[in-house]
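To keep things clear, I will list the structure first and then write my remarks on it.
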Amino acid sequence: MMREITIALDGMGGDSGPEVVIEGAEAAHIRHPNIRFLIFGDEAKVKPLLDANPRVAGASEFVHTEVAVGMDDKPSQALRRGRKTSSMWMAIDAVKEGRAQVAVSAGNTGALMAMAKVILRTMPNIERPAIAGLWPTIKGESIVLDLGATIGPDAKQLVQFAVMGEAYARVIFGVERPTVGLLNIGEEEVKGTESVKAAAQILRDLDLPIDFHGFVEGDDIGKGTVDVVVTDGFTGNIALKTAEGTARQVAHYLREGIERSFFAKIGYLFAHSVFRTLRDKMDPRNVNGGVFLGLNGLVVKSHGGTDGLGFASAIDVALDVAAADLVRKIATDMDVLVQLAGDLSEAAEREEAAVS
């Protein structure tokens, strides 16, 4: 039986704030009755929702906070205004203090990452954190990172992302040697930026517990060609938003086509189960929740515009990584990387010079 895990919730984060947080906590608690919540937020807004939801209230400790970080706040502004007093800061700080095993927020991504880095700090041997998310594929699911934390990483940082991603894949998928690919504009070795080509060569040379596939292209993400797709935060975030937009576009076309004629509506009735399966597979709420990897503690970012179902999915992700002790596993894998590569900076510089 899974041990009891406490999840710190930023009750004020997201476009809809406490309503979605409490609704998501209820759905998650129905699935996982052994979890507890430490909820931070404005008492005037959160307490009435808890009073109306005895299931969540009975599994929670509530802490009043004076400040809520705005979705449009700049990270520097959020740090100044919300340091030690905001619901976001206090949720992350609860992880540092050991009162919770993981924090979940649907708030401002930049502010959440900035606060997480200040409070939890990056792990030894890791220069930059990464946001890793689950991605629905033809074969099931893959992990894609980075989804927006680090813009323009060098070869060394991309290798670190690969190691963190494979540790996450082993936890989530139960795969002993996850397949890892570097996102590129082609599979040929001569294509791509210097940092991507250098990172690929380092991963080929090292005997890591990774099945390095090589380069993958954009269409390989949806195919499920590899378990882990590694890219920089700029490209990863654009790919994520493009996929979400495409899912909404396809759904719009389907609705438009069904409503166009009487016979289309009849056909929809006969194929209702097929359309429902398609809807569920394309619904981004079912894979909501990006994990901040590379920190001395666990933080999960929920999509700011999600609903209760989506927020519950983010809580599910938080529960999985906390129960699996992901931070320790990443630290162990990074130690292996250091032992094999020695000074990774020198290896990266050498490979980047070779491919330039």
- May I ask you to verify whether S76 is under 23 Å from R285 (Cβ atoms) and either among the small types (G, A, S) or within 20 Å of the chain's Cα centre (by Cα) (or both)? no
- Item | Residue list for the range 58-76, restricted to those being crowded, with 16+ Cβ neighbours inside 10 Å and either under 15 Å from F40 (Cβ atoms) or of a type outside the set (G, A, S) (or both) | S60, F62, V63, T65, V67, A68, V69, M71, D73, P75
- When residues of the range 185-216 are filtered for being free of Cβ contacts under 8 Å to residues at least 40 places away in the same chain and within 21 Å of the chain's Cα centre (by Cα), how many remain? 1
- Is it the case that the range 242-255 has a residue that's closer than 20 Å to G289 by Cα, within 19 Å of the chain's Cα centre (by Cα) and among the hydrophobic types (A, V, I, L, M, F, W, C)? yes
- Message: So, in the range 235-250, exactly how many residues are farther than 17 Å from G304 by Cα and surrounded by 15 or more Cβ atoms within 10 Å (Cβ to Cβ)?
- Response: 4
- Task: Report, ordered by the first and then the second residue, all pairs with beta carbons closer than 7 Å, sequence separation of six or more or different chains, a first member in the range 80-101 that is over 16 Å from E43 (Cα atoms), and a second member that is among the charged types (D, E, K, R).
- Result: W89/R83
- State all residues of the range 1-18 that are farther than 17 Å from A111 by Cα and in contact (Cβ under 8 Å) with a residue 60 or more places away in the chain; if no residue qualifies, say none. M2, R3, I5, T6, I7, S16
- Note on the structure: Here, helices (runs of 4 or more DSSP H) confined to the range 192-273 with at least 1 residues that are in contact with a strand residue (DSSP E or B) (Cβ under 9 Å, 6 or more places away or on another chain) and either under 21 Å from M164 (Cα atoms) or not hydrophobic (A, V, I, L, M, F, W, C) (or both) are 194-205, 218-223, 233-258
- Note on the structure: Selection over the range 126-151 where residues are out of contact with any strand residue (DSSP E or B) (no Cβ under 8 Å at 6 or more places or on another chain) and at negative phi yields a count of 7
- helices (runs of 4 or more DSSP H) completely within the range 81-181 that count 2 or more residues being at pLDDT 95 or above, buried (at least 21 other Cβ atoms within 10 Å of the Cβ) and more than 15 Å from the chain's Cα centre (by Cα): 87-96, 109-120
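The values are calculated or read from the model by the stated rules, or taken from the named source; none is laboratory data. What you see is a predicted model, and the numbers here were worked out from it, not measured in a lab. Cβ coordinates were reconstructed from backbone atoms using ideal geometry, including for glycine residues, and neighbour counts include every protein chain displayed.
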